[in-house]
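Taking it in order: structure first as structure tokens, then the write-up.
No lab work stands behind these numbers, since they all come straight from the coordinates. Only a predicted model underlies this, so the values are computations on that prediction, with no experimental measurement involved. Reconstructed Cβ throughout: ideal geometry from the backbone, glycine too, with neighbour counts over all protein chains shown.
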Amino acid sequence: MSFNGKSVLVTGGASGIGYATAELFTRSGADVVIADINEAGLNAAADRLRAAHGGTLHAVVCDSANPDSCTHLIDESVRLLGKLDIVCNIAGVLANGPTDSFSDEKWLQVLSVNLNGPFFISKRAIPHLLETQGCIVNVASTAGLVGIPYGAAYSASKSGVIGLTKAMAAEYSRRGVRVNAICPGHVLTPMTSSGADFGPGTDMELMTRLFPLTGKGSDPSEMAAAIAFLASDAAINATGTILTIDGGQTAI
């Protein structure tokens, strides 16, 4: 799959699915901007990608929960790349805990990064994508399809991403901009590792329902491949699509 001549923005590019996605696009010939709030991690990721694949790759620090930071990201991406063809909204946070003791501050943080961020970035990117007949790929989650115990904020945010994806797809489909999303199940990333502690009193029998039927989590590269497919001409008639890759988690 070639992305020669394409200009791609990937948020959450310092690690996990974002890094794997940036690597795939860079390896496939695209000009790429990666963004992340973690400046040290972002610069290290950019250095690794340049060393491994060469090509045009830029790093821009962005707090996707901050509208002004998102404005800067889009402006800087267009300045560096000349245009935008593909926007991948991947940046996210994970926080778990019983709903009755989950802090208001954590709730607002999760919703701000996971839902407001894709809206802020998409809103600012769409005028440029209309010029190139480009596309957006959001990363939602199976947590947005089924209820995740101890994950009210995360589930709510990812349900919102699914709704946002479908609404934008309906709004811009006849103007040439496609909007799709993937719903990963359990992916082996730093974020899922750091968010794996659900706290004392967790009903682990209940939690086993979240395990993939395949018995293993997915590699970030598998999610990157799905994102690249949805961004490619092979999916030219796909918009409003919510693609689930979860090892069978939601099959039963």
**Complete:** Looking across region 105-123 at residues that are closer than 24 Å to Asp233 by Cα and crowded, with 20+ Cβ neighbours inside 10 Å, the single one that is nearest to the chain's Cα centre (by Cα) is Pro118
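What are the residues in region 11-41 that are within 18 Å of Val113 (Cβ to Cβ) and in contact with a helix residue (DSSP H, G or I) (Cβ under 7 Å, 6 or more places away or on another chain), if any?
Let us first name the residues in region 11-41 that are within 18 Å of Val113 (Cβ to Cβ), namely 11-19, 21, 34-39, 41.
Result: Thr11, Gly12, Gly13, Ala14, Ser15, Gly16, Ile17, Tyr19, Thr21, Ile34, Ala35, Asp36.
Filter region 24-46 for residues that are assigned to a helix (DSSP H, G or I) and either touching a strand residue (DSSP E or B) at 6+ places or on another chain (Cβ under 9 Å) or of a type in the set (Ser, Thr, Tyr) (or both); which is farthest from Val8 (Cα to Cα)? Spell out the reasoning first.
Our first condition is that a residue be assigned to a helix (DSSP H, G or I); within region 24-46, this holds for 24-27, 39-46.
So of that shortlist, the ones also either touching a strand residue (DSSP E or B) at 6+ places or on another chain (Cβ under 9 Å) or of a type in the set (Ser, Thr, Tyr) (or both) come out as 25-26, 39, 42-43, 45-46.
Working: Phe25: 8, Thr26: 9, Glu39: 19, Leu42: 16, Asn43: 17, Ala45: 16, Ala46: 14 Å.
The selected residue is Glu39.
Go over the candidates Ser69, Ser101, Ser77 one by one and state the one that is among the hydroxyl-bearing types (Ser, Thr, Tyr) and either at positive phi or surrounded by 21 or more Cβ atoms within 10 Å (Cβ to Cβ) (or both).
Details: Ser69 fails: either at positive phi or surrounded by 21 or more Cβ atoms within 10 Å (Cβ to Cβ) (or both); Ser101 fails: either at positive phi or surrounded by 21 or more Cβ atoms within 10 Å (Cβ to Cβ) (or both).
None of the others qualify; the one that does is Ser77.
On the basis of being part of a loop (DSSP other than H, G, I, E, B) and out of contact with any Asp or Glu (no Cβ under 7 Å at 6 or more places or on another chain), does Gly147 make the cut?
yes
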**Request:** Could you please find all residues in region 75-93 being out of contact with any Ser or Thr (no Cβ under 8 Å at 6 or more places or on another chain) and β-branched (Val, Ile, Thr)?
**Result:** Val78, Val93
**Complete:** Of the residues in region 126-141 that are more than 13 Å from the chain's Cα centre (by Cα) and surrounded by 20 or more Cβ atoms within 10 Å (Cβ to Cβ), the one that is nearest to Thr239 (Cα to Cα) is Cys135
**Asked** Which residue pairs have Cβ atoms under 6 Å apart, sit 6 or more places apart or on different chains, and have a first residue in region 222-241 that is among the aromatic types (Phe, Trp, Tyr) and a second that is buried (at least 17 other Cβ atoms within 10 Å of the Cβ)?
**Response** Phe229/Ala235
**Message:** Can you list residue pairs whose Cβ atoms sit under 7 Å apart, with the first residue in region 1-12 being closer than 16 Å to Ile74 by Cα and the second being among the basic types (Lys, Arg) and in a loop (DSSP other than H, G, I, E, B)? Count only pairs 6 or more apart in sequence or on different chains.
**Reply:** Ser7/Lys83
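Yes/no matrix, rows are residues, columns are (1) touching a strand residue (DSSP E or B) at 6+ places or on another chain (Cβ under 6 Å); (2) over 25 Å from Ala169 (Cα atoms); (3) assigned to a loop (DSSP other than H, G, I, E, B):
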residue	(1), (2), (3)
Gly55	no, yes, yes
His58	yes, yes, no
Ala65	no, no, yes
Asp68	no, no, no
Thr71	no, no, no
Asp75	no, no, no
Leu84	yes, no, yes
Cys88	yes, no, no
Ala91	yes, no, yes
**Selected residue (criterion: farthest from Val179 (Cα to Cα)) from residues of region 150-160 that are out of contact with any Cys (no Cβ under 9 Å at 6 or more places or on another chain) and in a helix (DSSP H, G or I)** = Ala152
**Asked** Checking Ala14 against (1) in contact with an Asp or Glu (Cβ under 7 Å, 6 or more places away or on another chain); (2) within 23 Å of Ser232 (Cβ to Cβ); (3) hydrophobic (A, V, I, L, M, F, W, C); (4) not in a helix (DSSP H, G or I), which test does it fail?
**Response** (2)
